[in-house]
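Derivation of every value follows stated rules applied to the coordinates shown; laboratory data play no part. Note that this is a predicted model, so its numbers are computed, not measured. Note: ideal-geometry Cβ built from the backbone for every residue, glycine included; neighbour counts use all protein chains shown.
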Amino acid sequence: MRKSSAGKIGFLCVAALIAVFYSAAGDRDKPAAGLETLEEAAREESARKESARGRPRTEALRGRVVWLADGLERRFGVKTVPEARENMLALETKDGQVLPIVEDLRGRSFRADERLRDMQVELLVRRYRRSPLVQVVRIHEIKDDGKYLLDYWCDICSIVMFETGHCDCCQDLNRLRKRLLDSRGNPVDQ
């Protein structure tokens with residue numbers, strides 16, 4: 001095969017790839033809204049396929065963690081039975097969503113430490129297709145002076161934990177640790 005033929009085949013392969021990305025967006029003349037480059041279009045298409053397979057997507061959501069019963073009554077006027085009052089936690093967002101929280105190790109921290117329910121938070125969560133629940137990956141407190149990463153810390157063992165209580169190692173009480181994040185999301189030494 002001559003050099004010019006190989007170049008034409010390579011060009012056609014790239015052109016076909018571009019056409020696939022643009023046609024997936026429904027418009028052959030431009031990428032999907034908000035997608036500036038082919039790399040962004042490829043990432044978006046990959047995320048869509050992962051979601052279709054049942055894998056979670058990760059996103060940041062802001063609001064306040066409340067008891068689900070309180071959030072339902074406040075937002076929608078739905079009254080629950082008394083025994084359901086403190087059964088489940090939810091993130092109540094400013095745009096009116098009430099999203100139940102999976103109570104795994106990190107989600108349970110809001111039940112164990114009521115201080116976490118008294119603050120504006122940004123939660124990094126996993127959302128699963130066909131499930132209304134969100135799974136907490138990381139907790140941030142939002143204050144006027146910035147965003148703080150929250151976890152629990154043992155000063156003796158230097159171990160990070162995800163809920164209040166005794167250290168897994170020395171059994172001493174851990175403490176709620178708040179670390180200010182810089183503009184790139186890294187903790188600032190204080």
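General observations
- When each of Asp151, Asp172 is scored by the number of other beta-carbon atoms lying within 10 Å, the sequence from fewest to most is Asp172, Asp151.
- Rounded to 0.05, the FRET efficiency of the Arg117 and Lys147 pair, given R0 = 22 Å and the Cβ-Cβ distance, is 0.75.
- With neighbours defined as other Cβ atoms within 10 Å of a residue's Cβ, the residues Phe76, Phe110 order from fewest to most as Phe76, Phe110.
- Relative contact order of segment 57-180, pairs being alpha-carbon contacts under 8 Å that are 6 or more residues apart, as %: 21
- Using the Cβ of Gly77 as centre and a radius below 15 Å, the other residues enclosed give a net charge of 0, where K and R count +1 and D and E count -1.
- Sorting Asp144, Asp70, Asp118 by the number of Cβ atoms found within 10 Å of their own Cβ, with the fewest placed first, yields Asp144, Asp118, Asp70.
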